[in-house]
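Have a look at the structure below before the remarks.
The values are calculated or read from the model by the stated rules, or taken from the named source; none is laboratory data. The model shown is predicted, which means the values in this text are computed figures rather than measured ones. We place every Cβ from the backbone using ideal geometry, glycine too, and count neighbours over all the protein chains shown. All accessible areas refer to the heavy atoms of the entire protein, side chains included, with ligands and DNA or RNA removed. Shrake-Rupley method; radii C 1.70, N 1.55, O 1.52, S 1.80 Å.
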Amino acid sequence: MKRLFNVSALLVLLWFWGGECKYMVYDTSERILADKINVHLVPHSHDDVGWLKTVDQYYTGANNSIRGACVQNVLDSVISALLDDKNRKFIYVEIAFFQRWWNQQSELLKTKVKELVNSGQLEFINGGMCMHDEATPHYIDLIDQTTLGHMFIHREFGQKPRVGWQIDPFGHSSVQAYLLGAEVGFDSLFFARMDYQDRAKRKSDKTLEVVWQGSRSLGSSSQLFTGIFPRHYDPPDGFTFEINDVSPPIQDDVLLFDYNVQDRVNDFVAAAMAQANVTRTNHIMWAMGTDFRYQYALSWFRQMDKFIHYVNLDGRVNALYSTPSIYTDAKYAANETWPLKTGDFFPYADKENTYWTGYFTSRPTFKGYVRTMSSYYVAARQLEFYKGRSSSRPNTDALANALAIAQHHDAVSGTQRQHVAADYAMRISMGYAEAEEVVASTLAFLTTSKSSANYEKSVGMFQQCPLLNISYCPPSEAVLANGKSLVVVVYNSLGWKREEVVRVPVSSNELIVLDSGGREIESQLLPIFNASLNMRNYHVKAYLGKSPNNTPQYWLGFTASIPPLGFSTYIISSAKHTDTSSTMSTVWTSETTSDKTVVVGGGDLKLLYATDEGKLTRYINNRNLVEESMEHSYSYYSGYNGTDQASGAYIFRPNGTFPIKSEGEKAFTILRGPLMDEVHQQLNSWIYQVTRVYKEKEHAEVEFIIGPIPVDDGVGKEITTQITTAFKTNKTFYTDSNGRDFIKRVRDFRTDWDLQVNQPVAGNYYPINLGAYVGDGRMELSVLVDRAVGGSSLVDGQIELMLHRRLLYDDSKGVGEVLNETICVLNDCKGLVVQGKFYFRIDPVGNGAKWRRTYGQEIYSPLLLAFSEQDENDWKNSHVSSFSMIDASYSLPNNTAVITLQELESGKVLLRLAHLYEVGEDKDYSVMATVELKKLFPNRKISKVTEMNLSGNQERGEMERKRLAWKVKDSSEAKIVRGGAVDSEKQVVELGPMEIRTFFIDLDYLGMFGSVPSYE
Ligand SMILES: [Zn+2]
């Protein structure tokens, strides 16, 4: 081969010297030269799965007045250019686009494309449906969206992506590196964006390429080679070749003017040497492309053909068509010892006043919707599996696809245009509607399984209430027809038994609640105040285009007790014919008291409030004798609106902070009852909050309603809340990574470089998906959240969360719209109102993890409710009232969750189990956990258990055998705990702290229709 090359090179030289112009054959064969700088040219197009246009508009090239971008053109022209010349290569990343294109191709072209993939000319990199955001998604969503893409690639091409390619996300999470990288089986990860101070230091230290160890618990087994681009994910200046780009093309035709081969070769060599000077080994990578490029692919390939040819003739450096995989193998072959990186790459600033920490909170209602639907999807798949998946509709596929693209780095991040945000939400709601049918029919199946005739009758029997959060639930608020009762099925998607208060809006105050066994249980009525009703009526009109039929008067609360992965049924009946009735809450208002303080909470947890100001002052837990001073406050940052850098969808640039004092009357109202106490406070005309203390729980729950944020003064505002204790926390706090590992943060400090502080607030903000905590060595304050938010500890003893943002200036990061969300009824629009929850608790140090982890999982997986009006006696006689998928004597340990239970198209079952605790977090739970598969599938026979990698596209053993083992500087650590192989007889899965294990399970169905076991 080598000799052949020399001959052809000679021929080319002859043509060149001869001054003749003929058809040129450029020598672009791939070669790596050990004694030269090798410049790996990686042709790519960064195709956002929605941003300025919707995903389909980007695909088809619609709405081009916003942006001339058509991914269909990219794929058509790239494939054609690759077929023209076998030396050319291309990587493709976003499977949401590729899948759209693939479905439209002929069998003939598909065959050719498969050949391109098999030969390595076309390589899938990353391979999820989208290039997900790293700050705001939950890890379960990241796994699901990656799995969806990887399974497509595996099904159609038999390929397994080897490389992570997160080039654009605005900061990088450790969970991305170790979980979505190393555990998927990637050999490397590449990205572009990092803090400008960090980058400067890494360039001078030559530490842009590192081995990243993303998990404290999983140590060296979580390591991944990680390469950071020296500047951005585009080529060096002067080497971009889209049709309208200004880079000078190589002009090598001597008969034409402006012949410039040597000049351009010199430019190339200079750019390569500059990069080589900040890079270890003699391999450098150029990402040849950027956003939506290669719409006319030949314009790039033509130039690269020539550059490779002439640069290699020149001989000072060696250029080649490459991919990140080829580059990774070259780096590995260099046998270098790499610096170790721990922690993550948050927050990201690209210059002094430009901290990308606003998007941690941007579009908080969309973030809340994505999170709610994420957990609904987990539950819906479990139920779908139990009944048996249908390849025809309805099924959960549409929800899967919608949630997958919602993880894109301009989707759940909140950094897209408004019409695109609406498109994501619409897709999710359509997916939800279909999944809702799956859930309803499965519940009908499971409750009626004593009689298959009943099941036929009862399809469509169950209604669900997706707007329950705004107290809208038609089946529960309807007045019960004479003799009828409301059946409430409560499903628990977690593997352990739960006892939790369920609340539904009702119209009557004469009700009783019966449990699955027909026993009357305690229940509590809480009046629904006007603030909630107004909000409900407005939003129902806005979302559904109609006004509600009823006006519920009360919330009815009762304690549901639900078996693991199962349901219990509760019956709400009229109390007219009984002696008893639900307990009405007592109402207490601060105006009618002379006491200085008032105590809230009927169980161990007590919150003390000062009656004059309505302020929380003390937190007391009588069980563990915690008693601490505590305050809860709200404030806002005014968004900077200067021309140099405004606060916007991406950027948090505060221009002063202002406490929000309650206005006018300091009155507040307390509702008390047997199950819970609630403190209602209208802080001002646009902040309402309810602080809830359940008798049987030791944490407080805060439900907030914020908005419309007033901007009449021309100032955008970012609303925060603070929980403040007197703890001396020494600038230290902890925030989670994608809802999983907690990472230590120190105010005004970075582990990797000497931080120059320019933005003392924005530069100390971090993404929060699960929660945050602070401690003083004696006590720990933990706060948990119901969606992605930004947060910090800007003052010792305090945790701050940003809950809502409304801004009036664009932050010049490309979206070109202001983040000023509104909600409209017809054409009458007002600023968006967000309703959400957070939770707080204090524990003696070392005891906080139990609540953060186990209760945190319960926050992620709220109980799923379904309703049906029925004749009480008929129902009881002919229906299953309680059920668990798993063995009646069994429960998963409280440190383990079933994060995926899904029947695949192949009929296999995908089971993913997660250990929820880190090493050393909790003395009882940070230990090896075990799960007995036989008891998870009690009435089925497990014929085969195959352990897979995280994305389920290869066997775990195969992945481990292939994995590259990188040499790392200063790597020393304790022994890593991971579960052992699953014995085929015992079928017990072990999980070490923070371990997630994925299995394909072949089941033989022993149970038949109509023989579903009931659980009591
Ligand atoms: Zn992007």
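What the table shows:
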{"read-out": "Placed amide H near residue 803: partners under 5 Å, 5+ positions off or other chain", "value": "719, 720, 721"}
{"read-out": "Pairwise FRET efficiency - residue 220 versus residue 521, Cβ, R0 = 41 Å, nearest 0.05", "value": "0.20"}
{"read-out": "Modelled FRET efficiency - R0 35 Å, residue 967 with residue 277, Cβ distances, 0.05 increments", "value": "0.95"}
{"read-out": "Residue-span extension gain [residue 391 to residue 243] - 0.36 nm each, minus C-alpha spacing", "value": "48.9 nm"}
{"read-out": "Cα-based helix-to-principal-axis angle, 324-333 vs the chain, degrees rounded to 10", "value": "70"}
{"read-out": "Cα→Cβ-extended label distance, 7 Å offset, between residue 975 and residue 655, nm", "value": "6.0"}
{"read-out": "Residue-span extension gain [residue 584 to residue 500] - 0.36 nm each, minus C-alpha spacing", "value": "28.3 nm"}
{"read-out": "Nearest 10 degrees, 0 to 90: helix 107-119 Cα axis against the chain principal axis", "value": "70"}
{"read-out": "Cut-off under 5 Å, modelled amide H: who pairs with residue 338 long-range", "value": "967, 968, 969"}
{"read-out": "Phi-based couplings in Hz for the stretch 219-236 (Karplus 6.51, -1.76, 1.60; Gly and Pro marked x)", "value": "x, 5, 6, 9, 7, 8, 5, 10, x, 10, 5, x, 9, 8, 8, 10, x, x"}
{"read-out": "Sum of -39500 (n - 2.57) over DSSP H runs of 4+, divided by residues of the chain (222 nm, nearest 500)", "value": "-7500 deg cm²/dmol"}
{"read-out": "Accessible area expressed per residue, the chain, with surrounding protein chains retained (probe 1.4 Å, Å²)", "value": "36"}
{"read-out": "Antiparallel %, DSSP beta bridges [both residues in the chain], to 5", "value": "85"}
{"read-out": "Isotropically averaged projected area of the stretch 495-559, using the convex hull of Cα atoms (one quarter of hull area), nm²", "value": "6.3"}
{"read-out": "Links that overshoot a 25 Å alpha carbon limit, given the list 203/731; 89/110; 908/935; 206/962; 53/546; 697/876", "value": "203/731; 206/962; 53/546; 697/876"}
{"read-out": "Rounded Å value of the spacing that divides the Cα centres of the stretch 373-411 and the stretch 811-867", "value": "21"}
{"read-out": "Accessible carbon and sulfur surface of the chain relative to its total accessible area, %, 1.4 Å", "value": "50"}
{"read-out": "Loop chymotrypsin sites (Phe, Trp or Tyr not before Pro), the stretch 467-542 (other Cβ atoms within 10 Å of the site Cβ: 16 or fewer; DSSP)", "value": "529"}
{"read-out": "C-alpha center-to-center spacing [the stretch 765-798, the stretch 151-181] in angstrom", "value": "29"}
{"read-out": "On Cα atoms only, tilt of 196-205 relative to the major axis of the chain in degrees", "value": "40"}
{"read-out": "Cβ crowding within 10 Å averaged over residues, with 36-43, 823-830, 725-732 ranked highest first", "value": "36-43, 725-732, 823-830"}
{"read-out": "Accessible area (Å², 1.4 Å probe, nearest 10) - residue 392", "value": "70"}
{"read-out": "Nitroxide proxy distance, nm - points 7 Å out along Cα→Cβ at residue 232 and residue 118", "value": "4.0"}
{"read-out": "Distance histogram in 5 Å bins (all Cα pairs of the stretch 390-534, percent per bin)", "value": "2, 7, 12, 15, 18, 16, 14, 9, 5, 2, 0"}
{"read-out": "Rg over Rh, two decimals, the chain (C-alpha only, Kirkwood Rh)", "value": "0.99"}
{"read-out": "5 angstrom amide H check on residue 408, placed H, neighbours 5+ away", "value": "133"}
{"read-out": "Centre separation in Å (Cα based) which lies between the stretch 484-507 and the stretch 894-925", "value": "24"}
{"read-out": "Alpha-carbon Rg/Rh ratio, for the stretch 856-973, with Rh computed the Kirkwood way", "value": "1.08"}
{"read-out": "Using θ = phi - 60° and Karplus 6.51 cos²θ - 1.76 cosθ + 1.60, couplings along the stretch 518-532 (whole Hz; Gly, Pro as x)", "value": "x, 8, 6, 10, 5, 9, 9, 9, 10, x, 8, 7, 4, 4, 6"}
{"read-out": "Gain upon complete extension [residue 924, residue 596; 0.36 nm per residue less C-alpha separation]", "value": "113.9 nm"}
{"read-out": "The stretch 817-888: GluC sites (Glu not before Pro) in DSSP coil with no more than 11 other Cβ atoms inside 10 Å", "value": "none"}
